[in-house]
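Novice: Pasting in a structure now, in structure tokens, and then I'll have a few things to ask.
Rule-based calculations on the coordinates, nothing more; no lab input. A quick note: this is a predicted structure, and the numbers were derived from the prediction, not measured. Every residue, glycine among them, receives a Cβ derived from its backbone with ideal geometry; neighbour counts consider all protein chains shown.
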Amino acid sequence: MSDIPKKEPSYPVPDALLKPYNPAEVEDRLYAEWEKSGYFNPDICEQKGVIDPTLPYFSIVLPPPNVTGVLHMGSAFMLAIEDAMVRFARMQGRKTLWIPGTDHAAIATQAKVEKLISKEEKKNRHDLGREEFLKRVEQFAKESHDVIVKQIRKTGCSIDWSREAFTLDEKRSLAVKTAFKRMYDDGIIYRGYRIVNWDPKGQTTISDDEIVYQTEKTKLYTFRYAKDFPIAIATTRPETKIGDTAVAVHPDDARYKKYVGKEYDIDFAGVHLHIKIVADSAVNPEFGTGAVGVTPAHSMTDWDIAQRHHLPLVPIIDERARMMESAGSLHGKKVAEVRISVVEWLAKETLIEKEEEIEHNIATAERTGGIIEPMPRLQWFVNVNAKFKNQSEKLAGIKKGEEVTLKELMLAVVKNGQTKILPDRFEKVYFHWIENLRDWCISRQIWYGHQIPVWYKENKMHCDISAPKEDGWVQDEDTLDTWFSSGLWTFSTLGWPEETADLKQFHPTTILETGYDILFFWIARMILMSTYLLGDIPFKTVYLHGLVRDKDGNKISKSLGNNLDPLEIISQYGADAMRMSLLVGTGPGNDSRISNEKLKAYKHFANKIWNVARFLVGTTLSTDTDLALLEPADRETYNTFSEFKKDITSDFENYRLYLAAEKIYQYLWHTLADILIEEKKPILSGEDSPAKKSAQVLLQRIFTDSLKLLHPFMPFITEEIWSLIQSKDTVEKRLLMTERWPE
RNA sequence: GCACUCUUAGCUCAGUUGGUUAGAGCGUCCCAUUCACAUUGGGAAGGUCGGAGGUUCGAAUCCUCCAGAGUGCACCA
């Protein structure tokens, strides 16, 4: 015990409390203590009797961070929200599980490693070969993983490390293969020759959701295929016209009615075209000339038109975005070059009628930035419109035995409120997306990921969990879209396809907390997978958070140079201050702003609580806590505080964390410290009296309960104070993290 | 083009179901400070709640229209 306090306190003040609060000295030590206690694991909580068995379970999966790098502020935001939810549930006495994990992030990770290898060794993945390349990726993924795990610990997350999962580990592989096989056997997954989004840079297909549209100025050319061709068409991609097999006009367009059904043979830039005039209502008569040159092999909408009119398909562009043999003398040339030569040819033949500059969106690949070339390829798809018999009785609005599609399942559970999305405006966005959903292309021509569990031999195809026994079968070289495995995350982490105890007691998960930017990628896919494979929803509530922005409202990103490293912030301000800065005032669906001012303010707050503790230890704590000792006025203050506790509890239960955090902050600083303590100071320094006793009981009760209320948001400092104020004669030291939530 | 969100103090934002006199933090100004407080306290100034209309006993909150900012989706031939 210290002998050097400024003023001799009535009770001994622990040394630690005499200095300002220093998170760096506290955080790692406490995290280790929490981990050692085992309380992150619900089974241990159960064994040690800190669970109230009458309460419902609480379970949540961590949205697995990509092993493409380290965590950013967005991840810190997510961790702060989830840990607050988890700590609240655990303190309530619910059997609480939070499962950690990381995502192999197929394309993203492979692209990153390819970039590194190309930069450092001037090699591509083919130079290394599949086996060696995968070794490199795995090494990289492991290093990222280790950093990520460290960051999660630094943030103070009370997550059950004993159940950590990886989307590409053995158990998750089994889940992926089992899911694939079931869907394949049921005809939900099929292999088909269809037009897909091809990324020439990444040399793979991607799904519709992995496309990012970028606005660009480009030229719109209006021209005729030939002098004697009756209709002029407009295009921004003259080079693709070599693959045209039709011209489509709107059925009601009087200008072109007389031509519909006619066919023409044309020589176009040295290539022979056979063009049929068709009428299709997908054509907008207002745009350009109101006539579309139909290129079925290299445009999504043209593909659809071609399907409706049974038009032939002429692929002219290959995987490297070069012209194919069908392009005659242009064979082997790059698409961009061919555009110029086709325009030159058109000009020479005086076929161009108009040239105008327009703004137009070009499709690029999210991960590589490559310009998407739509082209027909033999790929694997999930059929979202195939009818099947629902086998489950657990889905709201859908009867057992009823014929449904995946689309209908995904709609039903949200429409019927079985899964709620917060804020609810995102439900509309979700519905809109599903209504426009097309079959999901799940095969990727990359190496890093779950290899498709299908084997080929001669003309035979075999889908199974493991390779066929007999010789000669060759496995499909493609891997699965990373979202296929993340779609299983709520139950693959619980042991599915095995019927584990975890699966029985923790699924559906209570809540899924993630950023609104992956509503389609991930949330929709989890609902798809869970309703189909388990016949149950994956989660009851979806809580969507926004982006983290800087002081001026800019998106935080490396390219803007305003990148913030959570570890840096933690070492400067402490994890608690960072968590509070991210949480206070940021409701679901809203973006969070972070600034040094805000971080400083909550660091000050930490110190304020620290000082409150110092003062109260010296004057109040370790005295009686019997509420019967309260005098009438104090009794009333205490009752007001009880109302306050209920209010906080209700905010937590309704996921209004941002309000709860702010209210506790206000209460501790501006009610407890500024008003109550100030008011009681003279009494506390006076002679012993019933009034003094009453003040001590009041402040003691309010402070210890306030620590509990604040714990989900600022776990480190509250735990540290808790340990310092416990009387030394307590036999077994208790942790605040498993103390019962104050009612 | 369709949809959604936002617009409240100088700045950043709360404001839960429509209900006293619209709040906080930061900033500014004044005062106090040998005090539990390196990071303190008290106080002040500052708002026609984007604009117009409507519903209501009552509107920052609900409805309609308008303006500005942002986001998502689609089209993009």
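Novice: So if we plug the beta-carbon distance of A:K348 and A:K407 into 1/(1 + (r/R0)^6) with R0 = 51 Å, what FRET efficiency do we get, rounded to 0.05?
Specialist: Working from the Cβ atoms, E equals 0.55.
Novice: Now, a different point. Which one, A:H126, A:F223, A:G156, projects farthest toward the positive side of the charge dipole computed for the range A:96-248 from Cβ point charges (K/R +1, D/E -1)?
Specialist: A:F223
Novice: Using θ = phi - 60° and the Karplus form 6.51 cos²θ - 1.76 cosθ + 1.60, what ³J(HN,Hα) does each residue of the range A:196-207 get, whole Hz, x for Gly and Pro?
Specialist: 10, 7, 9, 9, x, 6, x, 6, 7, 7, 9, 7
Novice: Sticking with this structure for a sec: Taking H as built 1.01 Å from N, whose amide H comes closer than 5 Å to the amide H of A:T102, not counting residues under 5 places away?
Specialist: It is A:A165, A:F166, A:T167, by chain and number.
Novice: Which of the listed residues, A:I683, A:L657, A:H670, is farthest toward the dipole's positive end in the range A:581-710, when Lys, Arg count +1 and Asp, Glu count -1 at the beta-carbon?
Specialist: It is A:L657, whose Cα lies furthest towards the positive end.
Novice: Right, another one. If I take R0 = 41 Å and measure r between the Cβ atoms of A:E33 and A:H432 in this structure, what FRET efficiency does the formula 1/(1 + (r/R0)^6) give, to the nearest 0.05?
Specialist: Given R0 = 41 Å and the Cβ-Cβ separation, E is 0.30.
Novice: Would you please classify the overall shape of the range A:1-133 from the alpha carbon gyration tensor, given that a ≥ b ≥ c denote the square roots of the eigenvalues, rounded means a/c under 1.5, and beyond that prolate means a/b larger than b/c while oblate covers the rest?
Specialist: Since a/c reaches 1.5 but b/c is at least a/b, the shape of the range A:1-133 is classed as oblate.
Novice: Another question, if that's okay. Let me check I've understood the local charge: for A:K217, count other residues with C-beta under 14 angstrom from its C-beta, Lys and Arg +1, Asp and Glu -1. What total comes out?
Specialist: Once all neighbours under 14 Å are counted, the net charge is -4.
Novice: Classify the range A:73-199 as rounded, prolate or oblate from the Cα gyration tensor: take a ≥ b ≥ c as the square roots of its eigenvalues, call it rounded if a/c is under 1.5, otherwise prolate when a/b beats b/c and oblate if not.
Specialist: In terms of gyration-tensor shape, oblate.
Novice: Can you compute 3J(HN,Hα) from phi for each residue in the range A:74-91, using the Karplus curve 6.51 cos²θ - 1.76 cosθ + 1.60 with θ = phi - 60°, rounded to whole Hz and x for Gly and Pro?
Specialist: x, 5, 4, 4, 4, 5, 4, 5, 5, 5, 4, 4, 5, 5, 4, 4, 5, 5
Novice: Sketch the reach of a paramagnetic label on A:N562 as a point 7 Å from Cα along Cα-to-Cβ, and name the residues of the range A:530-546 whose backbone nitrogen lies under 20 Å away.
Specialist: A:545-546
Novice: OK, next. Could you tell me which of rounded, prolate or oblate describes the range A:465-527, using a ≥ b ≥ c as the square roots of the eigenvalues of the alpha-carbon gyration tensor, with rounded for a/c under 1.5 and, failing that, prolate when a/b is larger than b/c and oblate otherwise?
Specialist: Taking the square roots of the gyration eigenvalues as a ≥ b ≥ c, the range A:465-527 is oblate.
Novice: Mind checking which lysines have their Cα closer than 21 Å to the Cα of A:K123? Skip sequence neighbours fewer than 8 apart in that chain.
Specialist: A:K112, A:K115, A:K135, A:K201
Novice: Additional query: Compute the long axis of helix A:596-619 from its Cα atoms, compare it with the longest principal axis of the Cα atoms of chain A, and write down the angle in degrees, 0 to 90, nearest 10.
Specialist: 20
Novice: May I pose another question? What nm distance separates the two modelled labels at A:H360 and A:K504, each placed 7 Å from Cα along Cα→Cβ?
Specialist: 6.1
Novice: What relative contact order, as a whole-number percentage, does the range A:431-486 give when Cα pairs under 8 Å and 6 or more residues apart are counted?
Specialist: 41
Novice: Using 1/(1 + (r/R0)^6) with R0 = 35 angstrom and r between the beta carbons of A:E143 and A:S341, what's the FRET efficiency to the nearest 0.05?
Specialist: The value I calculate is 0.15.
Novice: Within the set of other residues whose C-beta is less than 13 Å from the C-beta of A:M461, count the net charge using Lys and Arg as +1 and Asp and Glu as -1.
Specialist: Residues near A:M461 contribute 0 overall.
Novice: Farthest toward the dipole's positive end in chain A, which of A:W741, A:L533, A:W610, given Cβ charges of +1 (Lys, Arg) and -1 (Asp, Glu) about the Cα centre?
Specialist: A:L533
Novice: At 7 Å along the Cα-to-beta-carbon direction for both A:H274 and A:D228, put a label point, then send me their distance in nm to one decimal.
Specialist: For A:H274 paired with A:D228, the spin-label model returns 1.8 nm.
Novice: Quick one: net charge around A:L97, please, counting Lys, Arg +1 and Asp, Glu -1 for every other residue with C-beta under 10 Å from its C-beta.
Specialist: Net local charge, A:L97 excluded: +1.
Novice: Beyond 49 Å, what percent of the Cα pairs of chain A remain?
Specialist: 31
Novice: Then there is this: Setting aside same-chain residues fewer than 8 positions from A:K181, which aspartates and glutamates have a Cα under 17 Å from its Cα?
Specialist: Here the aspartates and glutamates satisfying the reach criterion relative to A:K181 are A:E170, A:D464, A:D476, A:E477, A:D478, A:D481, A:E498.
Novice: A:S685 to A:D591: extension gain in nm, 0.36 nm per residue of separation minus the Cα-Cα distance?
Specialist: 29.1 nm
Novice: Can you give the charge dipole size of the range A:48-102 about its Cα centre, rounded to the nearest 20 debye, using +1 on the beta carbon of Lys and Arg and -1 on the beta carbon of Asp and Glu?
Specialist: 200
Novice: For chain A, give the share of DSSP beta bridges that are antiparallel, in percent and rounded to the nearest 5; count only bridges with both residues there.
Specialist: 70
Novice: Pairs of Cα atoms under 8 Å, at least six residues apart: use those to get the relative contact order of chain A, whole percent.
Specialist: Relative contact order here is 16 percent.
Novice: Can you list which of the trypsin sites (Lys or Arg not before Pro) found in the range A:48-114 are DSSP loop residues with at most 13 other C-beta atoms within 10 Å?
Specialist: Loop-located and lightly packed - A:K48.
Novice: Can you give the relative contact order of the range A:158-259 as a percent, counting alpha carbon pairs under 8 Å and 6+ residues apart?
Specialist: It rounds to 10 percent for the range A:158-259.
Novice: Here's a follow-up. If the chain between A:D186 and A:K19 were fully stretched, how many nm would it gain, using 0.36 nm times the residue separation less the Cα-Cα distance?
Specialist: Computed gain between A:D186 and A:K19 is 53.4 nm.
Novice: Follow-up question, since we're still on this one. Charges only on Cβ, +1 for Lys and Arg, -1 for Asp and Glu: so what's the dipole of chain A about the Cα centre, in debye to the nearest 20?
Specialist: It works out to roughly 260 debye.
Novice: What are the ³J(HN,Hα) couplings of the range A:155-164, residue after residue, when phi is run through the Karplus curve with 6.51, -1.76, 1.60 and θ = phi - 60°? Round to Hz, x for glycine and proline.
Specialist: In residue order, the calculated couplings are 6, x, 5, 8, 10, 7, 5, 5, 10, 4 Hz.
Novice: Describe numerically, in nm with one decimal, the distance between label points set 7 Å from Cα along Cα→Cβ at A:A601 and at A:E132.
Specialist: Reported label-point gap for A:A601 and A:E132 is 5.6 nm.
Novice: Give the residues of the range A:343-369 whose amide nitrogen is closer than 18 Å to a point set 7 Å from the Cα of A:S329 in the direction of its Cβ.
Specialist: A:343-351
Novice: Mind scanning A:K48/A:K154; A:K177/A:K389; A:K504/A:K663; A:K608/A:K733; A:K142/A:K177 and naming the pairs with a C-alpha gap bigger than 29 Å?
Specialist: A:K504/A:K663
Novice: Counting helices only, and only those DSSP H runs with n ≥ 4, report the 222 nm mean residue ellipticity of chain A as the sum of -39,500 (n - 2.57) divided by its residues, in deg cm²/dmol to the nearest 500.
Specialist: Computed ellipticity for chain A at 222 nm equals -12000 deg cm²/dmol.
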